[in-house]
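Please read the structure below before turning to the comments.
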Amino acid sequence: MLRLKLTDANVLLLYSFALFVIAGVQRFLDDSSLDALLEFNAGEILALCAIYSLVTAKTGVITLSRIDFAVISACALLMLAPVSQHFAFLGAGLAGLYFVIHYPRRAALAQVGQLWLAIACYESFGRLFFKLVSAPLMQAELSMIALIGPPLGFPVSKDGIRLVSPDGWFIFMLERCSAFHNISLAILMWLSFLKLASAEAERPQFAALGIAVLSIFLLNEWRMLLMTPSPTAFYFWHGGAGALLFSCAAFFAVAVPTALSLRRPA
C-alpha cells in the first residue's frame, strides 16, 4: 500500500498553494472563465518559488511545533468561509504575523511568514484599503495623465473618471486600472526576489523597490495614454498583445533594479 507522509515543509507548501487556489477561484467567480481560474501571475509564481526554496533549503530541516500546527490549521479553516476570499487571506496574514513575531528574524519560518503577509496584502488587504482611498487617488492620477498627455502627442482631457479624446472616444478608469493597484504586486515580487537570493532588505534593496514602484506607475500611465486614440488601440493595450507587453515590462521594472541592488562587489 502506498503511504504518503507529509513533512512539515510539505504542510507549509500546501497551505501556500491553497492560498493561490483560493485567489484563482475568486478570479473565476469574477470573470467566469477557465483562463481566470488557471491564471497565475508572476508575483504569485515567484512567491511560491520563494517559499519552496525556503522550506527545502539544505541549511536546516523545517520543524513545526504543535502550536505552529494549531495556528496553521485554524487559519486554514478560514478558507471554508462561504462569504468572501478575504477570510482566507485574513488567515494568511494572521499566520504570517505569528511566524514573523514568534521566530528569529533570520529563520526560514519567519521569512515564510513575511511572504504570507505580502501575499495577503496583495490578494486582499491592499485591495480593501485601496477601495477606501481610491477616489482621490484615481482623480489625481487622471489629472496627471491629462496634464502630460498633450505634450506627448495624446490630446486627452479629463472628465470625471474618463479620459476623453478630441474625436469623442473615451475610456473609463476603474479601480483595477489604476497604477496604485499594482503597488502591492510589486512589493510581493520584490520580496520574493530577495528570498530567492537569500538576501536581507537593506538600503540598496529599499531603493530598488522605490525605483520599481515608480517605474510601474509610469508604465501604467503610458499604457493608459496608448489606449486613448481609438477603440482598436484600447483593445490592443487592454486585453491584446499590448497587455502582455505591459506585463513583461512591469516584471522587468521590478526584476532589474532588484537584481542590481543584490549585486555583490567582486
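The values are calculated or read from the model by the stated rules, or taken from the named source; none is laboratory data. Predicted model, so just to flag it, every value in this text is computed and none were measured. Note that we place each Cβ from the backbone using ideal geometry, even for glycine, and neighbour counts take in every protein chain shown. Surface accessibility is based on the protein's heavy atoms, side chains included, excluding ligands, DNA and RNA. Shrake-Rupley method; radii C 1.70, N 1.55, O 1.52, S 1.80 Å.
Answer yes or no: is there a residue in the range 204-212 that is open to solvent by less than 40 Å² (accessible area, probe 1.4 Å), closer than 25 Å to Tyr52 by Cβ and more than 17 Å from the chain's Cα centre (by Cα).
Yes; the residues of the range 204-212 include at least one that is open to solvent by less than 40 Å² (accessible area, probe 1.4 Å), closer than 25 Å to Tyr52 by Cβ and more than 17 Å from the chain's Cα centre (by Cα).
Just for the range 228-240: of the residues that are in a helix (DSSP H, G or I) and at pLDDT 85 or above, which one is nearest to Met173 (Cα to Cα)?
As a first pass, look at the range 228-240 and keep what is in a helix (DSSP H, G or I): 231-239.
Next, from what is left, pick out any that are at pLDDT 85 or above: 231-237.
Numbers: Pro231: 15, Thr232: 17, Ala233: 15, Phe234: 12, Tyr235: 14, Phe236: 16, Trp237: 14 Å.
Among them, the one singled out is Phe234.
Could you please find all residues in the range 111-145 being surrounded by fewer than 18 Cβ atoms within 10 Å (Cβ to Cβ) and free of Cβ contacts under 8 Å to residues at least 24 places away in the same chain?
The answer is Phe129, Leu132, Val133, Ala135, Pro136, Gln139, Ala140, Ser143.
Do the conditions hold for Ser157, that is, is it touching a helix residue (DSSP H, G or I) at 6+ places or on another chain (Cβ under 7 Å) and not hydrophobic (A, V, I, L, M, F, W, C)?
Yes.
Any residue at all in the range 180-196 that's touching a residue at least 24 places away in the same chain (Cβ under 8 Å), within 30 Å of Arg263 (Cβ to Cβ), of a type in the set (Ser, Thr, Tyr) and open to solvent by less than 30 Å² (accessible area, probe 1.4 Å)?
Checking the range 180-196: at least one residue is touching a residue at least 24 places away in the same chain (Cβ under 8 Å), within 30 Å of Arg263 (Cβ to Cβ), of a type in the set (Ser, Thr, Tyr) and open to solvent by less than 30 Å² (accessible area, probe 1.4 Å).
Quick one: Ile72 ticks every box in (1) in contact with a Phe, Trp or Tyr (Cβ under 7 Å, 6 or more places away or on another chain); (2) crowded, with 16+ Cβ neighbours inside 10 Å; (3) at pLDDT below 90 except a single one, so which number is it?
All conditions pass for Ile72, except number (3).
Filter the range 241-254 down to residues that are touching a Phe, Trp or Tyr at 6+ places or on another chain (Cβ under 7 Å) and either open to solvent by 40 Å² or more (accessible area, probe 1.4 Å) or at pLDDT 90 or above (or both), then give me how many there are.
Of the residues in the range 241-254, 1 are touching a Phe, Trp or Tyr at 6+ places or on another chain (Cβ under 7 Å) and either open to solvent by 40 Å² or more (accessible area, probe 1.4 Å) or at pLDDT 90 or above (or both).
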